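Take this structure first; my questions come after.
Readers should treat all values here as calculations from the given coordinates under stated rules, not as data from a laboratory. Everything numeric in this text was worked out from a predicted model, so none of it was measured. Counting neighbours? That spans all protein chains shown, and the Cβs are built from the backbone with ideal geometry, glycine included.
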Amino acid sequence: MSGSGDNIPIHSMPGFRVRRFHQLHDTIWEKELNGRITAPQFGVLSTLAARPGIHQRVLCSLVALDSSTTADIVNRLVRSGLIHKRRDPGDRRRSLLELTSDGEALVKAAIPAVHEVNRRLTSALSEEDAIVLAGLIDRVLAAGPRG
């Protein structure tokens with residue numbers, strides 16, 4: 001069988017590798033956190049722990065998620081009793097977000113497991129190589145989409 005798709009070296013393509021790396025992260029995350037919380041949920045909760053009272057648009061930017069995904073995560077976390085949402089007194093159209101005491105406790109309890117996820121994810125690398133990898137990823141992300 002021949003065609004334009006023959007001999008495409010997908011295994012050497014960055015997108016393929018990034019997807020596999022993400023799959024590895026998800027596998028380790030699930031094992032370490034036992035379904036208690038997803039990585040995007042932890043991102044939202046840990047951001048609110050550091051920046052209580054921010055509104056959802058700021059949260060979207062800080063966690064690098066689109067507005068509909070962030071809204072879905074926030075609504076789930078509100079229903080789970082981990083986030084409290086209140087109207088912004090300066091602009092009633094906006095909601096300000098804060099962790100509940102249960103949310104604070106979950107973030108605090110999850111931190112060691114999150115560190116373990118990242119340790120395991122880069123365990124094949126020296127500390128120096130892990131820093132280089134992070135720098136290269138940051139450089140690609142900072143450049144953003146081109147063309």
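For a label point 7 angstrom out from the Cα of D129 toward its Cβ, which stretches of the range 10-35 have the backbone nitrogen within less than 16 Å?
21
Relative to the longest principal axis of the chain, what angle (0 to 90°, nearest 10) does the C-alpha long axis of helix 127-143 take?
The angle comes out at about 80 degrees.
Next question, about the same structure. What is the packing order of peptides 69-77, 89-97, 13-21, taking the mean over residues of other C-beta atoms within 10 Å and listing the highest first?
69-77, 89-97, 13-21
While we're here: Per 0.36 nm of contour for each residue apart, how much would the distance between K31 and K108 grow if the chain were fully extended, relative to their Cα-Cα spacing?
Between K31 and K108, full extension yields 25.9 nm more.
Before rounding to the nearest 500, sum -39500 (n - 2.57) across all DSSP H runs of length at least 4 in the chain and divide by the residue total; then give [θ] at 222 nm in deg cm²/dmol.
-20500 deg cm²/dmol
Any idea what angle helix 101-121 forms with the longest principal axis of the chain, computed on alpha-carbon atoms, 0 to 90 degrees, nearest 10?
Roughly 10 degrees between the two axes.
Another question, then. How would I10, I111, I28 line up from fewest to most surrounding beta-carbon atoms within 10 angstrom?
Starting with the residue having the fewest Cβ neighbours, the order is I10, I111, I28.
Additional query: Please compute the Cα-Cα pair-distance distribution of the chain with 10 Å bins starting at 0, giving whole percents from short to long.
Calculated P(r), rounded to whole percents: 10, 30, 31, 19, 7, 2, 0.
Under the Karplus relation 6.51 cos²θ - 1.76 cosθ + 1.60, θ = phi - 60°, what is the ordered set of whole-Hz ³J(HN,Hα) values for the range 55-67, x standing for Gly and Pro?
Each residue's phi maps through the Karplus curve to give 9, 4, 5, 5, 4, 3, 5, 5, 9, 6, 10, 6, 5 Hz.
Taking the number of other C-beta atoms within 10 Å as the exposure measure, put H22, H84 in order starting with the fewest.
H22, H84
Collect residues whose amide H, placed 1.01 Å from N in the peptide plane, falls under 5 Å from the amide H of T100; neighbours closer than 5 in sequence don't count.
Under 5 Å from the amide H of T100 lie the amide H atoms of I83, H84, each far enough along the sequence or on another chain.
Oh, and also: Rounded, prolate or oblate: which one fits the range 1-85, using the alpha carbon gyration tensor with axes a ≥ b ≥ c (rounded when a/c is under 1.5, else prolate when a/b beats b/c, else oblate)?
Taking the square roots of the gyration eigenvalues as a ≥ b ≥ c, the range 1-85 is prolate.
Using only Cα atoms, find the angle between the long axis of helix 39-50 and the longest principal axis of the chain, and express it within 0 to 90 degrees, rounded to the nearest 10.
50 degrees
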